[in-house]
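Single-structure report; data block below.
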């Protein structure tokens, strides 16, 4: 069974409402409105609210994408010591 919320976002539409844009990028409406008011996301004001271009949302995601380096073993010995101590307490 498919999620009814995902059906609300039309794959062929270019302009999305704030609610549809939130489903598209999986974030809250409050966060998207903050990005619009801070000038980080371009939007057009329409009669009933904002309309956001799908291309601008994709560009926002690309700008916000960060590469997180993997955890390397034995680079933080205090972490493994703390976990070992916690395991001893449980046992």
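Numbers at a glance
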{"item": "Residue match in the range 65-78 (condition: over 13 Å from residue 15 (Cα atoms), without any contact (Cβ under 8 Å) to a residue 60 or more places away in the chain and surrounded by 10 or more Cβ atoms within 10 Å (Cβ to Cβ))", "result": "yes"}
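Per-residue answers, yes or no, for (1) loosely packed, with under 12 Cβ neighbours inside 10 Å; (2) in a loop (DSSP other than H, G, I, E, B):
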residue	(1), (2)
20	no, no
27	no, yes
51	no, no
63	yes, no
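All of the numbers you see were taken from the coordinates with simple rules; none came from a lab. Note that this is a predicted model, so its numbers are computed, not measured. Neighbour counts are summed over all protein chains in view; Cβ atoms, including those assigned to glycine, are modelled from backbone coordinates with ideal geometry.
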